[in-house]
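Peer 1: This structure is in structure tokens; I'll ask about it shortly.
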Amino acid sequence: MGIHCIDELVRHAPDRILKVYASKSVLQKHIAKALNRENIPIILKDKNTLTNMVQSDSHQSIVAEVTPKESCHLKDFLLSLRNKEKSCLLLLDNINDPQNLGSIFRAADCFGVDALIWSKNRGTDITPVVSKVSSGASELIPSIKVSNLAQTIPLLQDEGFEVISTAIDNNAVSLFDHDFQAKTVIILGSEGKGVQPLILKKCDKIIYIPMYGKIDSLNVSQASAVILSHFAKNA
């Protein structure tokens, strides 16, 4: 749902859009012309109907029905990265807030992340809210679901990835002092409890973001953008 989200899909993956539902007000906007150029049908619906379709009133009077993203299997995806000199993956440990997940996807796209990985049973899935907040990035970046995050980390390390995580820990190194490797996995923890201790033990390094104000923490989506910007600059 949302104009920016659907506009990105029209630009980058129009073949995935089956049909669009929108109120009359949308017909005068640029998005309608773009949909018409791609011969994507627009079906008129009132705002209340759209709200019921996506269980949210943040749809900006437009909702798209799309085909599912192509599923990715971790081992196959890692094979596709073997010849890539620089690569970044995000591993998400129990991210439950759709707003945060959407913002993480958006930051990931902005800084060239190759894929997001998370557990099948822990955290939110991709919802209309996630897609809208991500400005469509959740529909464009590969997302890989695994059965067990702790067992996934050694597979990533075997493929030459350095696995780092953020935590307040006596052994943590400042983000500003960390020397990013060309192939890096960044683990982001849950909004409340952070990264699970079992997962932290398997990481190659632990980092923290220095704080200089009165508030001593960023939310997980803000932290992801800060860390990814440093990876993009320094790796």
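Peer 1: Name every residue in region 128-162 that is in a helix (DSSP H, G or I), acidic (Asp, Glu) and touching a strand residue (DSSP E or B) at 6+ places or on another chain (Cβ under 9 Å), in order of residue number.
Peer 2: Listed by number, the list holds a single entry, GLU139.
Peer 1: Which one of the conditions (1) polar (S, T, N, Q); (2) without any contact (Cβ under 8 Å) to a residue 40 or more places away in the chain; (3) not in a loop (DSSP other than H, G, I, E, B) does GLN99 fail to meet, given that it meets all the rest?
Peer 2: Tallying (1) polar (S, T, N, Q); (2) without any contact (Cβ under 8 Å) to a residue 40 or more places away in the chain; (3) not in a loop (DSSP other than H, G, I, E, B), GLN99 fails exactly one: (2).
Peer 1: Can I ask one more? Could you pull out the residue among GLY213, GLY192 that is of a type outside the set (A, V, I, L, M, F, W, C), within 13 Å of ASN94 (Cα to Cα) and part of a loop (DSSP other than H, G, I, E, B)? Even if it seems obvious, please write down each step before you answer.
Peer 2: Values: GLY213 fails: within 13 Å of ASN94 (Cα to Cα).
None of the other options fit; the residue is GLY192.
Peer 1: Scan region 6-43 for residues that are modelled with pLDDT of 90 or more, within 18 Å of VAL129 (Cα to Cα) and not aliphatic (A, V, I, L, M) and jot them down.
Peer 2: Across region 6-43, the qualifying residues are ASP7, TYR21.
The values are calculated or read from the model by the stated rules, or taken from the named source; none is laboratory data. Just so you know, these numbers come straight off a predicted model, no measurement behind them. With ideal geometry, Cβ positions are generated from the backbone for all residues, glycine too; neighbour counts draw on all protein chains shown.
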